[in-house]
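Notes to accompany the following structure.
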Amino acid sequence: MAKDFSAANIVQSLADVNPETRQVHLKVVYDSGPAYTFGELQISGLEKYPEDLVKKYSPIQPGQPYEQERLLQLLSTLQNTVYFSAVEVDMQPNPPSPIEVPVLVKVSESKAKRIGLGAGYSSDTGFRSEATFFTTICSTRPIR
């Protein structure tokens, strides 16, 4: 499931336990299904930002073999930007063909401005405080 075969599943599993000999024989049968390749990103939830912003962060190129790690990398990268407060990344379920399956990206945009406040104390330096202010810049120009 992690590489090439997105729809793989366990068809049969058996654990035969012999308590007298303290042995276990395991049998697992998988159905790998067809090999999948990535298709285009289908992005939803954008209001302020252009689709190019999401595509800029994507390690996924149409036609590449499916790898779960690439989906997780895209998810993590988008979540770690200041642009989005929530992100979901998945492949289209039950596609008609395993070739170039669309990658579904659903985002919730962050608020345009955020403020963070913090305080602490250290025996070496005493009291300390921190204030951060983030503002997100919107642009309709293509991002390169």
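Read the figures in this text as sums done on the coordinates, not as results from a lab. Predicted model, so just to flag it, every value in this text is computed and none were measured. Please note: Cβ atoms are built from the backbone with ideal geometry, for glycine as well, and neighbour counts cover all protein chains shown.
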What's the number of the condition Gln68 fails, among (1) exposed (fewer than 12 other Cβ atoms within 10 Å of the Cβ); (2) more than 30 Å from Glu130 (Cβ to Cβ)?
-> (1)
Answer yes if at least one residue in region 38-52 is under 17 Å from Phe5 (Cβ atoms), within 19 Å of the chain's Cα centre (by Cα) and of a type outside the set (Ser, Thr, Tyr), and no otherwise.
-> yes
Reported set for region 6-29 where residues are free of Cβ contacts under 8 Å to residues at least 24 places away in the same chain and either aliphatic (A, V, I, L, M) or closer than 29 Å to Pro96 by Cβ (or both) is Ile10, Val11, Gln12, Leu14, Ala15, Val17, Val24, Leu26, Val28, Val29
Which numbered condition Ile115 fails, given (1) of a type in the set (A, V, I, L, M); (2) surrounded by 10 or more Cβ atoms within 10 Å (Cβ to Cβ); (3) within 30 Å of Glu130 (Cβ to Cβ) = (2)
Matching residues in region 71-109 - criterion: being hydrophobic (A, V, I, L, M, F, W, C), in contact with a helix residue (DSSP H, G or I) (Cβ under 9 Å, 6 or more places away or on another chain) and surrounded by fewer than 16 Cβ atoms within 10 Å (Cβ to Cβ) | Ala86
Which numbered condition Gln61 misses (of (1) touching a Phe, Trp or Tyr at 6+ places or on another chain (Cβ under 6 Å); (2) loosely packed, with under 14 Cβ neighbours inside 10 Å) | (1)
Among the numbered conditions (1) surrounded by 16 or more Cβ atoms within 10 Å (Cβ to Cβ); (2) farther than 30 Å from Ser129 by Cβ; (3) out of contact with any Asp or Glu (no Cβ under 9 Å at 6 or more places or on another chain), tell me where Gly33 comes up short.
-> (1)
Looking only at region 30-78, and only at residues there that are β-branched (Val, Ile, Thr) and touching a residue at least 40 places away in the same chain (Cβ under 8 Å), the one that is nearest to Met91 (Cα to Cα) | Thr37
